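Enquirer: Structure provided below as structure tokens; questions to follow.
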Amino acid sequence: MAGGLELTEDTTITVRGGVHRTGAADGSGAAELLAGYLRPVTGLPLAVTPPGAAGGGSSIVFTTEGADTRLGDEGYELRIGSGGAEVVAGGSAGFGWAVQTIRQILPAEVEGDRVTAGPWHLPAVTIRDVPRFPWRGTMLDVARHFFAPADVERVIDLAALYKLNRFHLHLTDDQGWRLEIRGHPELTTIGATTSVGGGPGGYFTREQYADVVSYAARRGIVVVPEIDMPGHTEAALASIPWLNGDGQAPPVATDPVVLTSSLAVDREDTARFVADVLAEVAEITPGPYIHIGGDESLGTDPAAYRRFVERAAAVVRAHGKRPVGWDEIATAEVGPDTIVQHWIDVENARSAASRGMQIVMSPAGRAYLDMKYDHSTPVGTTWAGYVDTRTAYGWDPAAQVPGLPPSVVVGLEAPLWTETVTTLEHIEAMMLPRLPAYAELGWSRATGRSWEGFRHRLAHHGRRWSAGGRAFTSDPAIPWG
Ligand code: ACM
């Protein structure tokens, strides 16, 4: 085909240039990522070579040479012509997003997992691409139902395909504690034994968690672990009797809704427990954030709640991490470096902003992936309304809360709560096609995009998801092709 690039037996992937700025890496990680995506499905060798080592074939070159500083950490330029392809970026994040763009412009069969005859044609394009927001996330609740590392990694790879750069793992809740804590093994020997509905539970060992975190990191995604407290803690209370004010452990919850659990917040041994847990989480989390939850602590005295979250935020900070919490934590003085995740109360968002905190937007009626698309959606809930793809797409994170200075909004995140979500197919059907809507709100400027344009572009992705064996919801507003 004229103008584009055909991947052949002789095509190589070349890395040029060194470290461009402090902390920014060259394109070697992205080169390996691209080769890892393409070799199994193309059957081509796609050797990753240093400059000059290539034979006579075309090359996909990753280079920092000439990178424009305005590309920032995540921007990139991609030029594809018949002679080859060139990716220019200032660091590993930008190179990684260019890999996802290459994945998106190859034939849909690239999403498959077995060797497929080509042709593997990359169209001639020139792309300059820089994200609007630095926080573009999704969240998976592995507490209400547990999902094994292989499933979680498949979801992370889907997030990567759409250039989301934060993966929030909701690791603890009333119905399960899903991360091994060496200092408190009961949290998982007892707290991970079941789930919503009373079925089997599960948890990540420290090693499994570390593997998931590095799988995400290879795709440019920072895992944000959440230990939700002081409410949403029935599984911890069931595991360790002295966390309860009266020393009496309840059973691990199996009902979907528990609104009264609370750690005994003013006790010193509770404070030591929180410090132990957060120290272990910080130790195995290379990313800069730890989420301390803080939502719906309806069983906690409000003044004691504030003292508790202030102290928990300080512990996070003492480990060199930035605290993140649901919007209720803005009722406390958690510090201006705290990131507040707006989900329900605009006053909490305004209060946080007025004290210099940054806000991630997850308004339930727009961004909650557990909301049904419409009455026919087989799983999910409706308490924040139906969220069809158009509703998911039709808002602006910077303008969502009237009166908020746009500069405090660092981005958006689409959480998937799993009270009703029990399988990978459910996860994918709730995420697709809405996840790309959130990704576009996070990446693209508000001007120059439209629902009409989006729904037609989105239509082409159905074949990609099918080729990748992924479930999705056939929202009738999308002209699936
Ligand atoms: C939440 O949905 N309780 C943050």
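The values are calculated or read from the model by the stated rules, or taken from the named source; none is laboratory data. Keep in mind it's a predicted model, so treat the numbers as computed, not measured. Glycine gets a Cβ as well: all are built from the backbone with ideal geometry, and neighbour counts include every protein chain shown.
Enquirer: Mind counting the residues in region 399-412 that are more than 19 Å from the chain's Cα centre (by Cα) and surrounded by 15 or more Cβ atoms within 10 Å (Cβ to Cβ)?
Expert: 4
Enquirer: Any idea how many residues of region 434-481 are farther than 17 Å from residue 391 by Cβ and of a type in the set (Ser, Thr, Tyr)?
Expert: Total meeting the criteria: 3.
Enquirer: If I filter region 391-398 for residues that are of a type outside the set (Phe, Trp, Tyr), away from the ligand (no atom under 16 Å from the Cβ), over 22 Å from residue 339 (Cα atoms) and in a loop (DSSP other than H, G, I, E, B), do I get at least one hit?
Expert: yes
Enquirer: Still on this structure: Just to be sure, is residue 335 crowded, with 16+ Cβ neighbours inside 10 Å, on the phi > 0 side of the Ramachandran plot and in contact with an Asp or Glu (Cβ under 7 Å, 6 or more places away or on another chain)?
Expert: no
Enquirer: If you don't mind, there's one more thing I want to ask. Is at least one residue of region 389-397 among the small types (Gly, Ala, Ser) and over 23 Å from the mean Cα position of the chain (by Cα)?
Expert: So far as region 389-397 goes, no, none of its residues is among the small types (Gly, Ala, Ser) and over 23 Å from the mean Cα position of the chain (by Cα).
Enquirer: Checking residue 246 against (1) touching a helix residue (DSSP H, G or I) at 6+ places or on another chain (Cβ under 9 Å); (2) modelled with pLDDT under 95, only one condition comes out false. Which one?
Expert: Condition not satisfied by residue 246: (1).
Enquirer: Before we move on, is residue 279 surrounded by fewer than 23 Cβ atoms within 10 Å (Cβ to Cβ) and either among the small types (Gly, Ala, Ser) or within 16 Å of the ligand (Cβ to nearest atom) (or both)?
Expert: yes
Enquirer: Can you list the helices (runs of 4 or more DSSP H) lying wholly within region 184-275 that have 3 or more residues being at negative phi, surrounded by 19 or more Cβ atoms within 10 Å (Cβ to Cβ) and small (Gly, Ala, Ser)?
Expert: 234-239
Enquirer: From 72, 91, 66, 96, grab the single residue that is without any contact (Cβ under 8 Å) to a residue 24 or more places away in the chain and either crowded, with 20+ Cβ neighbours inside 10 Å or over 22 Å from residue 10 (Cα atoms) (or both).
Expert: The match here is 66.
Enquirer: Condition (residue is crowded, with 18+ Cβ neighbours inside 10 Å and in a strand (DSSP E or B)) applied to region 32-45: is it met by at least one residue?
Expert: No: zero hits.
Enquirer: Please go through region 418-439 and pick out each residue that is surrounded by fewer than 24 Cβ atoms within 10 Å (Cβ to Cβ), charged (D, E, K, R) and in contact (Cβ under 8 Å) with a residue 60 or more places away in the chain.
Expert: 419, 428
Enquirer: Here are some residues: 452, 419. Which one is within 15 Å of residue 370 (Cβ to Cβ) and acidic (Asp, Glu)?
Expert: It is 419.
Enquirer: Please work out which residue is surrounded by the fewest Cβ atoms within 10 Å (Cβ to Cβ), limiting yourself to region 124-158 and to residues that are among the acidic types (Asp, Glu) and touching an Asp or Glu at 6+ places or on another chain (Cβ under 8 Å).
Expert: Residue satisfying both the conditions and the ranking: 129.
Enquirer: OK, next. Sort through 195, 214 and tell me the only one that's closer than 30 Å to residue 94 by Cβ, hydroxyl-bearing (Ser, Thr, Tyr) and modelled with pLDDT of 95 or more.
Expert: 214
Enquirer: Here are some residues: 180, 226. Which one is within 14 Å of residue 167 (Cβ to Cβ) and of a type in the set (Asp, Glu)?
Expert: It is 226.
Enquirer: If the requirement is being closer than 15 Å to residue 83 by Cβ and at pLDDT 95 or above, which of these qualifies: 33, 7?
Expert: Checking each option against the conditions leaves just 7.
Enquirer: Also, quick follow-up: Which residue pairs have Cβ atoms under 7 Å apart, sit 6 or more places apart or on different chains, and have a first residue in region 353-365 that is polar (S, T, N, Q) and a second that is crowded, with 21+ Cβ neighbours inside 10 Å and not in a strand (DSSP E or B)?
Expert: What qualifies is 362/343.
Enquirer: Out of the residues in region 49-97 that are among the polar types (S, T, N, Q) and over 22 Å from the mean Cα position of the chain (by Cα), state the one that is nearest to residue 30 (Cα to Cα).
Expert: 63
Enquirer: Right, here's the next one. Kindly state which helices (runs of 4 or more DSSP H) lie completely within region 428-479 and contain at least 2 residues that are within 17 Å of the chain's Cα centre (by Cα) and of a type in the set (Ser, Thr, Tyr).
Expert: Hits in region 428-479: none.
Enquirer: What number of residues within region 148-183 are part of a helix (DSSP H, G or I) and either free of Cβ contacts under 8 Å to residues at least 40 places away in the same chain or basic (Lys, Arg) (or both)?
Expert: Selection size over region 148-183: 2.
Enquirer: Could you identify the single residue in 253, 249, 238 that is farther than 29 Å from residue 159 by Cα, out of contact with any strand residue (DSSP E or B) (no Cβ under 8 Å at 6 or more places or on another chain) and within 16 Å of the ligand (Cβ to nearest atom)?
Expert: 253
Enquirer: Additional query: Kindly provide the set of residues from region 297-311 that are out of contact with any Phe, Trp or Tyr (no Cβ under 8 Å at 6 or more places or on another chain) and either within 16 Å of the ligand (Cβ to nearest atom) or among the aromatic types (Phe, Trp, Tyr) (or both), ordered by number.
Expert: Answer for region 297-311, where residues must be out of contact with any Phe, Trp or Tyr (no Cβ under 8 Å at 6 or more places or on another chain) and either within 16 Å of the ligand (Cβ to nearest atom) or among the aromatic types (Phe, Trp, Tyr) (or both): 298, 299, 305, 308, 309.
Enquirer: In region 61-81, what count of residues is obtained for those that are among the basic types (Lys, Arg) and not in a strand (DSSP E or B)?
Expert: 1
Enquirer: Strands (runs of 3 or more DSSP E) wholly in region 314-383 with at least 1 residues that are away from the ligand (no atom under 16 Å from the Cβ) - which ones?
Expert: Hits in region 314-383: 322-326, 358-361.
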